[in-house]
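One structure is given below, encoded as structure tokens.
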Amino acid sequence: MKQSASRSVFYEGIDLLRGGAVFLVLWSHAGIVLPHSLHGALAAPWFRPGFWGVTTFFAISGFLVVGQLIDIATDKRGELLRAFVLRRWFRTVPTYWIVLLLLLVAGSIGWLGWKTWLANIFFLQGSIFVHEPNLLSVSWSLVIEEWSYLVFAFAVFILIFLKRRLALGNAQVMAIVGGLLIASIVCASFARYIFIENGGSVRSLKQDLFLQSDALAYGGLLALFMRTRPRDFEVLALRPIAFSRIFALMAVISVASISGNSLFRSVLEPVPIGLSEWLSFGFYPMAGLLACALIVGFWGFEYSSLPKSLSQMIRILSKISYSVYLLHVPIAHMVAGFELPYLLKFVMYLFGSILVGYTSWILLEKPFMRLRRRLV
């Protein structure tokens, strides 16, 4: 069955995970407003909220975006590839640009010259080849996402051309997609290994576009698995949720966090060379797969299983997650400057980030989403 271009499939489990992921990121950056003595309450060797929040975001993006591209390539989605790219552009880029401008006017970020600003505007900053700083500390993840969208879309463009030229079937198309996703994981793993062996820093390992070029590939593999083996996927994605599996998965994630503790030291220090093989070929692929396991584990979630007020709060947090993600660090720095009890600053930071994120959703994201529906 061909899916309408305007039809948006809503997965309640993914919605829950998106809201949970942005809350983990909020929690991880609360150290900006708290004294150093309380930082241990925000993270532990077995609990790395920021890392798993962002990794979950990547898995969700890969699952949704690669899934849509697969449907376009196999003629199951009534949408042109060009329209897909424009829709993704309208969803994220204009809001990001306006937020940068507003923060510049407000004095939250400074003018560091045209070169830095152009690098940030076109998502070129912070890589091992473009040594320009991130104007927003979280924008490194946007660099990875935006370029992944473009690379995946270009790959599908080539694939559609070859499909028509060589009369490829949908099974062959999906086999090629799977091969490309696996190749990206292998290449990124070797790139990380070489980088660590040459004394690369923790920050670059975690945030560089080329070293994290496989970040969305794991979610893409899950989307491919759901389309090629739908019965097996349904067997794994139990309805209702099997909480015993969720707790077991959380335990595995905790163990994985402990095994990757060298990633959570001072970000400017080099990564220990003795861990190059494990971090490159073990930890990062495992983290991507565990984030995908979260998607499968929560697949059977339904908001009707929660109290109405709680489900509404999670829905709102999920809906405004992009704006909250963009704005929460500047808000934390602003709140940190207030002469107030630290617990009050902590509450102000959390609720202020959500309130400002909601305002940004209303004033920025929604208008551009309406505009894209009219233009695309």
> Check GLY78: other-chain or 5+ apart residues with amide H under 5 Å from its amide H, H built from backbone geometry?
Replying inline: GLN3, SER4, ALA5
> Build a GNM of the chain with springs between Cα atoms under 10 Å: which of SER309, SER321, SER137 gets the top mean-square fluctuation?
Replying inline: SER309
> Counting only heavy atoms of protein chains, what accessible area per residue, in Å², does the chain have with a probe of 1.4 Å?
Replying inline: 49 Å²
>> Sequence gap at least 6, Cα distance under 8 Å: using those rules, report the relative contact order of the chain to the nearest whole percent.
In response: 29 percent
>> What does the net charge come to around ARG265 if you take all other residues with beta carbon closer than 15 Å to its beta carbon, with K and R at +1 and D and E at -1?
In response: +2
> So which aspartates and glutamates pass the test for LYS115, namely a Cα distance under 19 Å, with those fewer than 8 places away in the same chain ruled out?
Replying inline: GLU132, ASP208
> In the stretch 223-315, carbon and sulfur make up what percent of the accessible area (probe 1.4 Å)?
Replying inline: 68 percent
>> Can you tell me which lysines have their Cα less than 16 Å from the Cα of LYS319? Leave out same-chain residues fewer than eight positions away.
In response: LYS366
> How many percent of the accessible area of the stretch 89-213 is carbon or sulfur, using a 1.4 Å probe?
Replying inline: 72 percent
> Under the definition of Cα pairs under 8 Å and six or more residues apart, what whole-number percent is the relative contact order of the stretch 41-149?
Replying inline: 19 percent
>> Assuming 0.36 nm per residue, please report the length gained on full extension of the stretch LEU112 to ARG370 beyond their Cα-Cα distance.
In response: 89.5 nm
> How much length, in nm to one decimal, is gained on full extension between LEU355 and SER309, taken as 0.36 nm per residue of separation minus their Cα-Cα distance?
Replying inline: 14.9 nm
>> Can you give me the angle between helix 321-336 and the longest principal axis of the chain, using Cα atoms only, in degrees from 0 to 90, rounded to the nearest 10?
In response: 10 degrees
> Rounded, prolate or oblate: which fits the stretch 94-218 when a ≥ b ≥ c are the square roots of the eigenvalues of the alpha-carbon gyration tensor, with rounded for a/c under 1.5 and prolate only if a/b beats b/c?
Replying inline: oblate
> What shape does the stretch 11-134 have by the C-alpha gyration tensor, where a ≥ b ≥ c are the square roots of the eigenvalues, rounded means a/c under 1.5, and otherwise prolate means a/b greater than b/c and oblate the rest?
Replying inline: oblate
> the chain: longest stretch without exposed chymotrypsin sites (Phe, Trp or Tyr not before Pro) (DSSP loop, at most 15 other Cβ within 10 Å), sites themselves excluded?
Replying inline: 130-337
>> Could you check the spin-label model distance between PHE10 and ARG229? Points 7 Å from the Cα along Cα→Cβ, value in nm.
In response: 3.1 nm
>> Restricting to DSSP H runs of at least four residues, report the calculated mean residue ellipticity at 222 nm for the chain, -39500 (n - 2.57) per run over all residues, nearest 500 deg cm²/dmol.
In response: -21500 deg cm²/dmol
> What aspartates and glutamates could a cross-link reach from LYS308, if we take a straight Cα to Cα line under 19 Å and drop same-chain neighbours fewer than 8 places away?
Replying inline: GLU12, ASP15
> Helix 170-197 versus the longest principal axis of the chain: what is the Cα-based angle in degrees, 0 to 90, to the nearest 10?
Replying inline: 30 degrees
> By how many degrees, between 0 and 90 and to the nearest 10, does the Cα long axis of helix 366-375 differ from the longest principal axis of the chain?
Replying inline: 30 degrees
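The values are calculated or read from the model by the stated rules, or taken from the named source; none is laboratory data. Quick caveat, the model's predicted, so the values are computed rather than measured. Neighbour counts run over all protein chains shown; Cβ positions are idealised from the backbone, glycine included. Heads up: the accessible areas ignore ligands, DNA and RNA and are worked out on the full protein's heavy atoms, side chains in. Shrake-Rupley method; radii C 1.70, N 1.55, O 1.52, S 1.80 Å.
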